[in-house]
Amino acid sequence: MSVRKRGGVYHYQFQIKNQTYYGTFLDAKSDAEARKLEKDEKAKVRLGLRNEDKPIDGDFCAFVNDVYLPYARENKRSYKHDEFRCKVLTEYFAGQLFSGITMLDVVRFIKYRLSTKIRRHNQVSPPTKLRSPVTVHKEVGLLSSIFNMAIVQKTALENPCRNIPRTVRKKIPMRKKRQCPMTPEKEILLFENGLTGRYAHLRPLCLFDRNTGLRFGELSRLERDHVNLDADVKWVEVDGEYHEVPRDCFIVVKSKNGKSRVIPLNAEARSVAVHQLSDATVSQFVFPSNRTKEQIKEVKKGFAGACRKAGIPYGLGVRGGITFHNLRHWFSTRLEDLGVSKTVRRDLLGHEPRDITDDYTHSTIEMRRRAVARLCQAWGEDLTQNEEMSGKSLASA
């Protein structure tokens, strides 16, 4: 059938003399009416009344550089990711028209990307690790978005990414689920032995993160004005709207899902915030770069050094290795162990609801406040147990 209803609108597509014609019937109210309008369109073509229609085709790279990327820079927060992924796509599909990129071409692209190896930052030796399937999934997702925009702009006719076989899709999952390699023993070693000396500047950042579960990007963008240590309520403007930040709370204004969220400070996180905000060198960002005093860019090298100093494996590709992001996983894991509900953990972590029931279920600020308070109490119990076992105090580290 050449007439289909999508999103409440009827779309048509047909071929006459090897030329494709397509469009929408915005006024059609039923299938019968849409089919009648399609017959009228075919009659117009045969009578030469649609000479304005041109064969639908366009240069892939030109469209990406002239149409898609300018749109992404203007409308998407993640445009920088689109830029380097578009570079990969334009290099592979260079010189091709949209009509020349088939489903089999996309499958070959997937196979090629999965077979290539990557080089880590500052790695001098030849690359040895294969590219992550999750990375390839994001690249194919972007390719599909480009085709969808090209169809709307009448530059492409169809999206070949929609027809990728299921067996191939299984090779590029949306995300790779990993077990959290953090353990109470590793946590104690990290904070007692690792985050000291030359790595002591990372200690406030890590202490704050294990009590709030923030992503690194959210931590690095946290500003002084986003934190409320006063007794009165504070109002913070985000994209033209004012959000209430109660006492001893802070707001994440730019989360991964595009929404802001308010997180309470337990005793340990509040202590870190007071320490940071009382530092004269902290002007805008709560956790500035130790070198530039501006927004911190990365902690991988410093955190890896702290792990080595503590005798803990570091890295995703290392057996039992941890990364800075595992502090966020550990935050959620400990909350679950303490009996905190999934709804409260979801709202603290800034995850999207999975279904209608989740969408109708919310946590209050007091529920979140009680959850992180219990977490702080658990940290204290861990410290007490460790002192009894080792005779040493982590507080003196």
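The values are calculated or read from the model by the stated rules, or taken from the named source; none is laboratory data. None of these values were measured; they are calculated from a predicted model. Cβ sites come from the backbone with ideal geometry, for glycine too, and all protein chains shown count toward neighbours.
Here Ser255 clears all of (1) out of contact with any Asp or Glu (no Cβ under 6 Å at 6 or more places or on another chain); (2) under 27 Å from Glu336 (Cβ atoms); (3) part of a helix (DSSP H, G or I) except the condition numbered (3).
Ile188 falls short of the stated requirement of being touching a residue at least 24 places away in the same chain (Cβ under 8 Å), surrounded by 18 or more Cβ atoms within 10 Å (Cβ to Cβ) and outside the structural domain of Glu366 (by TED's automatic domain parsing). Going residue by residue through the range 310-329, is there one that turns out to be more than 16 Å from Met182 (Cβ to Cβ) and outside any helix (DSSP H, G or I)? Yes, some residue in the range 310-329 is more than 16 Å from Met182 (Cβ to Cβ) and outside any helix (DSSP H, G or I).
Yes/no per residue for (1) part of a helix (DSSP H, G or I); (2) surrounded by fewer than 11 Cβ atoms within 10 Å (Cβ to Cβ):
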| position | (1), (2) |
| --- | --- |
| Lys5 | no, no |
| Phe14 | no, no |
| Thr20 | no, no |
| Thr24 | no, no |
| Lys29 | no, yes |
| Ala34 | yes, no |
| Glu38 | yes, no |
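Of the residues Val236, Val262, Val282, Val274, the single one that is in a strand (DSSP E or B) and either modelled with pLDDT of 95 or more or within 30 Å of Arg198 (Cα to Cα) (or both) is Val262. Restricting the range 1-26 to residues that are in contact (Cβ under 8 Å) with a residue 24 or more places away in the chain and in contact with a His (Cβ under 8 Å, 6 or more places away or on another chain), the residue that is nearest to Leu37 (Cα to Cα) is Val3. As a summary of the residue check, Ser99 satisfies the conditions (1) within 35 Å of the chain's Cα centre (by Cα); (2) farther than 20 Å from Ala156 by Cα except for the one numbered (2). Among the numbered conditions (1) loosely packed, with under 13 Cβ neighbours inside 10 Å; (2) closer than 30 Å to Leu189 by Cβ, the only one that Val233 does not meet is (2). Is it the case that the range 316-328 has a residue that's without any contact (Cβ under 8 Å) to a residue 12 or more places away in the chain and touching a Cys at 6+ places or on another chain (Cβ under 9 Å)? No: zero hits.
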